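Worksheet: one structure, shown below.
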Amino acid sequence: MSVRRSDRLIDMTRYFLERPHTLVTLSFFAERYDSAKSSISEDMAIIKRTFSNRGTGILETIPGAAGGALFIPTIQKNEAKTIIDDLIEQLSTADRILPGGYLYMSDLLSNPVVLKKVGRLIASEYAQQKVDAIMTVETKGIPIAQSVADYLGVPFIIVRHDSKITEGSTISVNYVSGSSAQIKKMELSKRSLQAGTRVLVVDDYMKGGGTLKGMQALINEFDAELIGTTVFAQGNFNGQRMIDNVTSLLNVDASRDEIQIQPGNYLTKVFD
């Protein structure tokens, strides 16, 4: 039974949004709605124009007999700036300061609405790059990594400080914490990464960069490839950070009795 265009448009839009970076063929939709491929192609053109005009993302069409379309989530600069400004406003209260110059962020990073916005921001930076997996360490970065993975349509990998029996055999590295100068260990199951995997590292907070440096070393142990590193917030740090070229959404100085939060380098790196 043929489906009305209005119904097709709604269902096709939902289908693309739920499956980013996944090629969907014209034949699939034609059979799904019992419609001609020419009609499906016209529907895709409408969705593509709307996504572009609203800043939702890019609907990339692939010509040919086996062609179709895939949805690439992106974000426009004005919307990204609005999200970052709103995050700064929510975090700029004195009662969020924690010992050691850290910032309490757990309430925001457990809010699904906030996580979706943060995931979309980070995923947009790598929208046109080939990403095979997201890596994070077993901290508050896990929900961020999961959100980014959803938008990029790839799995996410959790690095642990202590392996669990369910992980099987692991590879471990020792690293130096940049903020405390302590030697720590992190490990990852041998089955988690294949050689040549292109990995995006995501974490919630960076001070000295020791944890991020450790994950970079772990990626090298697997003969995988680090394609980028992004953190939700970068804290104030006196000294030389252990890793360079990190994208941060926020820049946090909580070393005094008041919090000073500024936009990180995200807007500059992604849009300028």
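The values are calculated or read from the model by the stated rules, or taken from the named source; none is laboratory data. This structure is a prediction, so every number in the text was calculated from the model and none was measured. Reconstructed Cβ throughout: ideal geometry from the backbone, glycine too, with neighbour counts over all protein chains shown.
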Worksheet entry | One residue from 59, 87, 98, 91 being under 17 Å from the mean Cα position of the chain (by Cα) and of a type in the set (A, V, I, L, M, F, W, C) | 87
Worksheet, complete the sentence: Filtering segment 16-38 for residues that are buried (at least 16 other Cβ atoms within 10 Å of the Cβ) and either of a type in the set (A, V, I, L, M) or closer than 21 Å to residue 154 by Cβ (or both) leaves a count of 7
Fill in: Filter pass, residue 85 being loosely packed, with under 14 Cβ neighbours inside 10 Å, assigned by TED's automatic domain parsing to the domain that holds residue 151 and of a type in the set (D, E, K, R)
yes
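Table: residues versus (1) among the aromatic types (Phe, Trp, Tyr); (2) within 10 Å of the chain's Cα centre (by Cα); (3) assigned by TED's automatic domain parsing to the domain that holds residue 212; (4) closer than 24 Å to residue 210 by Cβ.
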site: 112; (1), (2), (3), (4): no, no, yes, no
site: 124; (1), (2), (3), (4): no, yes, yes, no
site: 138; (1), (2), (3), (4): no, no, yes, yes
site: 142; (1), (2), (3), (4): no, no, yes, yes
site: 155; (1), (2), (3), (4): no, no, yes, no
site: 160; (1), (2), (3), (4): no, no, yes, yes
Worksheet item: Is it the case that segment 12-20 has a residue that's outside the structural domain of residue 264 (by TED's automatic domain parsing), over 20 Å from residue 117 (Cα atoms) and out of contact with any strand residue (DSSP E or B) (no Cβ under 6 Å at 6 or more places or on another chain)?
Response: yes
Worksheet entry | Flag for residue 120 being under 30 Å from residue 259 (Cβ atoms), surrounded by 11 or more Cβ atoms within 10 Å (Cβ to Cβ), in contact (Cβ under 8 Å) with a residue 40 or more places away in the chain and more than 21 Å from the chain's Cα centre (by Cα) | no
Response to the item:
Apart from one, (1) part of a strand (DSSP E or B); (2) of a type in the set (Ser, Thr, Tyr); (3) under 30 Å from residue 23 (Cα atoms) all hold for residue 192; the odd one out is (1)
Response to the item:
In segment 131-141, anything modelled with pLDDT under 95 and either surrounded by fewer than 23 Cβ atoms within 10 Å (Cβ to Cβ) or polar (S, T, N, Q) (or both) is listed as 138, 139, 140
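Of all residues being touching a Lys or Arg at 6+ places or on another chain (Cβ under 6 Å), part of a helix (DSSP H, G or I) and of a type outside the set (Ser, Thr, Tyr) in segment 23-71, which is modelled with the highest pLDDT? Just the residue, please.
My answer is 43.
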Worksheet item: Considering segment 225-238 alone, what residues qualify as being over 15 Å from the mean Cα position of the chain (by Cα) and touching a residue at least 40 places away in the same chain (Cβ under 8 Å)?
Response: 235, 236, 237
Discussion item. Let me spell it out: the conditions are (1) part of a loop (DSSP other than H, G, I, E, B); (2) surrounded by fewer than 17 Cβ atoms within 10 Å (Cβ to Cβ), and residue 105 meets all of them except one. Which number is the exception?
Written reply: (2)
Discussion item. For segment 46-58, which positions are surrounded by 13 or more Cβ atoms within 10 Å (Cβ to Cβ) and out of contact with any Ser or Thr (no Cβ under 8 Å at 6 or more places or on another chain)?
Written reply: 46, 51, 52
